[in-house]
Every structure is written in C-alpha cells, then in structure tokens.
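Single-structure report; data block below.
The values are calculated or read from the model by the stated rules, or taken from the named source; none is laboratory data. Remember, predicted model here, so these are calculated numbers, not experimental data. When we count neighbours, we look across all protein chains shown, and the Cβ atoms used for this are built from the backbone with ideal geometry, even at glycine.
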Amino acid sequence: MSTLTQIPVSFQEGVFFKFFKLAEFNNLSKADREIYVSNWKTYSDYVNTIDFARVEGKMENMIHIAKNLKHMGFLTDQIFAITELPVSEIEKL
C-alpha cells in the first residue's frame, strides 16, 4: 500500500480533511506530539484571551453609552433597547 505525503485536492475539506490531519498527528513522535499539544494550548489560550478582551471592551463601551443615555434622560427600557445591557446593570448606573 502506498503512502500519501499530501492531502489530495478533492479531500481538502470536510471529514476527509479532519481524517488526514488526525493521521498526521498520530504519525508524530511522542516528543513532537507533546510539542504540538503544548503549542496548540498556547495558541488556544491566546485566542481565548483576545476574544475575552474583545467582549469586555464591547461591554465597557455599552456601559459608557448607557451612562450617557441615562444622563440625557432616556428611560431604562429605551437604554436596554439601544445597548441590550441587562436592566439590572442599567439601573446600577
């Protein structure tokens, strides 16, 4: 049986792509697998940190907008409709 060194073009998406990636991972030496897993965890932590910061930034921006709207005399229901912040959060402002 011959071995593949590259994923055939027709298999570069979907379940076949996942299968080939899994096969590549399983063919790594134990040391290379550990390095791969460590690098993947680092990358995943980085992506999660960036996503969390993005969400927090959006939340801080919505709170700032809600404060301004409240100072302008908007009602809590109106501020909720604009910012989609929880009513309890709006009432704390």
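Here are the numbers for this structure:
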| quantity | calculated |
| --- | --- |
| Flag if residue 73 is in a loop (DSSP other than H, G, I, E, B) and loosely packed, with under 13 Cβ neighbours inside 10 Å | yes |
| Boolean, residue 24 is touching a Ser or Thr at 6+ places or on another chain (Cβ under 7 Å) and either without any contact (Cβ under 8 Å) to a residue 60 or more places away in the chain or not in a helix (DSSP H, G or I) (or both) | no |
| Any pair with Cβ under 7 angstrom, 6 or more apart, that starts in the range 45-63 at a residue that is part of a helix (DSSP H, G or I) and ends at one that is of a type outside the set (A, V, I, L, M) | 62/83 |
| Test: residue in the range 11-26 that is of a type in the set (Asp, Glu), more than 30 Å from residue 90 (Cβ to Cβ) and at pLDDT below 85 | yes |
| Filter result for residue 17 (outside any helix (DSSP H, G or I), aromatic (Phe, Trp, Tyr) and surrounded by 12 or more Cβ atoms within 10 Å (Cβ to Cβ)) | no |
| Verdict on residue 3 being out of contact with any Asp or Glu (no Cβ under 7 Å at 6 or more places or on another chain), modelled with pLDDT under 90 and either under 30 Å from residue 86 (Cα atoms) or outside any helix (DSSP H, G or I) (or both) | yes |
| Enumeration of residues in the range 24-34 that are surrounded by 12 or more Cβ atoms within 10 Å (Cβ to Cβ) and either touching a His at 6+ places or on another chain (Cβ under 6 Å) or among the hydrophobic types (A, V, I, L, M, F, W, C) (or both) | 25, 28 |
